[in-house]
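Heads up: the structure comes next, in structure tokens.
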Amino acid sequence: MANKPQKRKPGNNNKRGNNNNRSRQNNRGNQNYTPRNRVEYPKEITYSGPLTVGQLAELMKRNSSEIIKFLFMMGNMSTINTTLSDEDIELICMQFNVTPNKEVVIDEDDIEEQISNREFKDEDLKPRPPVVTIMGHVDHGKTTLLDTIRNTHVTSGEFGGITQHIGAYQVSLNGRKVTFLDTPGHEAFTAMRARGAQVTDIVVLIVAADDGVMPQTKESIDHARAAGVPIVVAVNKIDKPGANPERVMTELSNEGVMPEEWGGDTVFTQISARSGEGVNDLLEALLLVADMQELRANPDVLASGTVVEAKLDKGRGPVATLLVQQGTLKSGDALVVGTSYGRVRKMTNDRGMEMKKAEPSMPVEIIGLNEVPKAGDVFMVYDSYKKAAEIAQSREEKQIEKERNATSARSLEDMARMISEGDMQEVNVLIKADVQGSAEALKASIEKLDVDTVKCNVIRSTVGTITESDIMLASASNAIIYGFNIRPTAAIRKKAEEEGVEIRLHNIIYKALEELESAMKGLLAPVYEEVVTGQAEVRQTYKVSRIGTIAGCYVTDGVIKRDSHCRLIRDGIVVYTGKLGSLRRFENDVKEVTQGFECGMTIENFNDIKIGDIIEAFEDQEVKNDA
Ligand code: GDP
């Protein structure tokens, strides 16, 4: 990661937080007035954020109208307040003979960018152990090799500890260390790379001498090449009678992996992962390749690095294995990891031994984070806990925003549109129902829905009314909530609105399915939508012969209208759906009662009203169909 290329124009420097380049004052010092008092136009301008026509004009000491005119000639209408793209700015500058310099301003919470921009003086860099991943075809001996290495080359001074699987381990040879990631194969490697993390310095390509180059051998070569990581070949199982190392060399040469002794640049070793023969040679070869790569890091700064593995432990909470890539991680350090944060409460190595510090290339398991990060997330240490918390929170907010913008269908209509445009292949649904039977029936039917290539996942299906935790889960997984015979409270509706979560309420299973299916076909065309106009709380009940139960209510939300449909809700469950029978205020029939007022109500053909029930009034409103 440290060498991630940066898109930047030559001559640009990379100062953080520079926000002075838009002010006129700043350029005033360069202003030279000729005897005729004519402005000398700057030859260069420097800016950081987006610019409007007016701001660019100011920097170039031109009149906005000149730019507007130029843009007009190019076929673009603009005003002094139009925000310009970088391309526009370049074009305009070219026209007016100015060189634009865009400063890269790195956000404080963009720790990925900050880490890849960490720069150190040459004299501060110290050699660090290589980080190695073992790849190869299934059954060629990856796991055996990892076990053999770890059991025979325990880091000196650490004998006696019990081997812990933490996702990576370190061994030593002749006083030098090598770090192995112990999730073999290219899946983990690729998953990390997909997240932008490159932690592997060298790939050990293991090929069984009795089997030769196989499909996953080739894939491994491709992955190592794509990542630009050098390969060291371990021809394995040389103890076997049918072993033919020469054949492996030939086959690998055909794949472009040429042994040094044949004039290529790849180190080949011959090993028996089972007996341990040749494993030392392999480790020495790894150290040699590491030397050629000049792997170095600065151990004397605040640590940064990558998550190798993370999980939630019942007793200890979030547990993460961090690979330190720069600096030294210390017990007690405050850090941001992905979007989580915390303090290193306890740090252990792969032998379960407590560590006070971890230097570059060292994997350690830590506890003390507030949430479980993901493998491939980066981490960075801060000198204050408060700062770490702030940055993590802001990263979390940005992450949520990003996820929403990227893939989320915030409503069923959005979803239908995204599906029809081919942008969505999976629909997440959360089911809440009044009884277990309905929840199960709905779940089974939804999971069976199969429309073209769109898949529907039910991520939670429970009995009861919609809770805040449901909303948060739906929000995090872009799910739509299907409520069956239940009604959310006004507070929950509001929360759902804030989180951009859509709640669809139904009381007939096939209707819910029909709706979902048409959305999955990208053909959603709702005609009517139910609109809740208001809610009232039952505070008193009066039984009157011939009339039935009159509910003395207080309107808590919206408006209750005389001719509304209504629902009686008890503990979040719909007990009855029907029409209002009467609506009165002080003995008088009224057309409507609004929030904050008391009223008396009856429900047509229904008398089982109890204190504490909620009466919800709703109307069917036509929905405009713009499809
Ligand atoms: P992986 O799928 O690449 O992780 O392969 P494993 O490490 O699970 O090994 C597959 C099989 O090959 C196991 O039965 C090992 O015991 C065996 N094996 C691995 N290395 C050697 C070796 O050097 N010699 C022999 N004879 N068998 C080996």
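Scanning segment 53-90 for residues that are out of contact with any helix residue (DSSP H, G or I) (no Cβ under 8 Å at 6 or more places or on another chain), at pLDDT below 90, not in a loop (DSSP other than H, G, I, E, B) and not aromatic (Phe, Trp, Tyr) yields Met73, Thr83, Asp86, Glu87. Criterion first (in contact (Cβ under 8 Å) with a residue 60 or more places away in the chain and at positive phi) does Gly376 satisfy it? Judged against the criteria, Gly376 is a match. Looking across segment 529-556, just one residue is assigned to a loop (DSSP other than H, G, I, E, B) and either buried (at least 20 other Cβ atoms within 10 Å of the Cβ) or on the phi > 0 side of the Ramachandran plot (or both), and that is Arg546. Checked against (1) more than 22 Å from Val232 (Cβ to Cβ); (2) of a type outside the set (A, V, I, L, M); (3) over 21 Å from the mean Cα position of the chain (by Cα), Ser275 passes all but a single condition, namely (1). Within segment 291-309, being part of a strand (DSSP E or B) and buried (at least 18 other Cβ atoms within 10 Å of the Cβ) holds for Ala297, Ser304, Gly305, Thr306, Val307, Val308, Glu309.
Yes or no: segment 484-491 includes at least one residue that is open to solvent by less than 70 Å² (accessible area, probe 1.4 Å), within 22 Å of Ala444 (Cβ to Cβ) and touching a Gly at 6+ places or on another chain (Cβ under 7 Å). Checking segment 484-491: at least one residue is open to solvent by less than 70 Å² (accessible area, probe 1.4 Å), within 22 Å of Ala444 (Cβ to Cβ) and touching a Gly at 6+ places or on another chain (Cβ under 7 Å). Considered as a group, the residues in segment 116-155 that are within 16 Å of the ligand (Cβ to nearest atom) and of a type in the set (Gly, Ala, Ser) include one that is farthest from Ala243 (Cα to Cα), and that residue is Gly136. Across segment 310-355, the number of residues qualifying as in a strand (DSSP E or B), in contact with a helix residue (DSSP H, G or I) (Cβ under 9 Å, 6 or more places away or on another chain) and in contact (Cβ under 8 Å) with a residue 60 or more places away in the chain comes to 3. For segment 221-279, the set of residues classified as of a type in the set (Val, Ile, Thr) and assigned to a loop (DSSP other than H, G, I, E, B) consists of Val229, Ile238, Val257, Ile271, listed by residue number. Would a scan of segment 77-96 turn up a residue that is open to solvent by 40 Å² or more (accessible area, probe 1.4 Å), without any contact (Cβ under 8 Å) to a residue 12 or more places away in the chain, among the acidic types (Asp, Glu) and closer than 30 Å to Ser304 by Cα? No: zero hits. Hey, any hits in segment 520-534 for a residue that's more than 16 Å from Ala416 (Cβ to Cβ) and among the hydrophobic types (A, V, I, L, M, F, W, C)? Yes, the conditions are met somewhere in segment 520-534. Restricting the search to strands (runs of 3 or more DSSP E) fully inside segment 557-610 and requiring at least 1 residues that are open to solvent by 70 Å² or more (accessible area, probe 1.4 Å) and farther than 27 Å from Ile466 by Cβ gives 573-585, 592-594, 598-603. For segment 208-220, the count of residues that are in a loop (DSSP other than H, G, I, E, B), at pLDDT below 90, within 16 Å of the ligand (Cβ to nearest atom) and not charged (D, E, K, R) is zero. With respect to the conditions (1) open to solvent by 60 Å² or more (accessible area, probe 1.4 Å); (2) closer than 22 Å to His223 by Cα; (3) within 14 Å of the ligand (Cβ to nearest atom), Met258 falls short on a single one, namely (3). Counted as qualifying within segment 443-513 are the strands (runs of 3 or more DSSP E) with 3 or more residues that are among the β-branched types (Val, Ile, Thr), namely 455-463. Glu119 falls short on exactly one of the conditions (1) more than 30 Å from Ile271 (Cα to Cα); (2) open to solvent by 70 Å² or more (accessible area, probe 1.4 Å); (3) part of a helix (DSSP H, G or I), and that condition is (3). State the number of residues belonging to segment 268-290 that are open to solvent by 20 Å² or more (accessible area, probe 1.4 Å) and away from the ligand (no atom under 16 Å from the Cβ). Counting residues in segment 268-290 that are open to solvent by 20 Å² or more (accessible area, probe 1.4 Å) and away from the ligand (no atom under 16 Å from the Cβ) gives 2. In summary, Lys374 fulfils each of the numbered conditions (1) at pLDDT 90 or above; (2) more than 28 Å from Gly483 (Cβ to Cβ) with the single exception of condition (1). Of all residues in segment 234-248, exactly one satisfies the criterion of being more than 12 Å from the ligand (Cβ to nearest atom) and crowded, with 24+ Cβ neighbours inside 10 Å, namely Val248. Give all pairs with beta carbons closer than 8 Å in which a residue from segment 261-281 that is closer than 22 Å to Thr250 by Cα meets a residue that is near the ligand (Cβ under 9 Å from one of its atoms) and assigned to a strand (DSSP E or B); count only pairs at least 6 apart in sequence or on separate chains. Close Cβ pairs satisfying both conditions: Ile271/Asn236; Ser272/Asn236; Ala273/Ile206; Ala273/Asn236.
The values are calculated or read from the model by the stated rules, or taken from the named source; none is laboratory data. This one's a predicted model, so the numbers in the text were calculated from it and none came from an experiment. Positions of Cβ are generated from backbone atoms using ideal geometry, with glycine treated the same way; all protein chains shown enter the neighbour counts. What goes into the accessible areas is simple: the full protein's heavy atoms, side chains included, and nothing from ligands, DNA or RNA. Shrake-Rupley method; radii C 1.70, N 1.55, O 1.52, S 1.80 Å.
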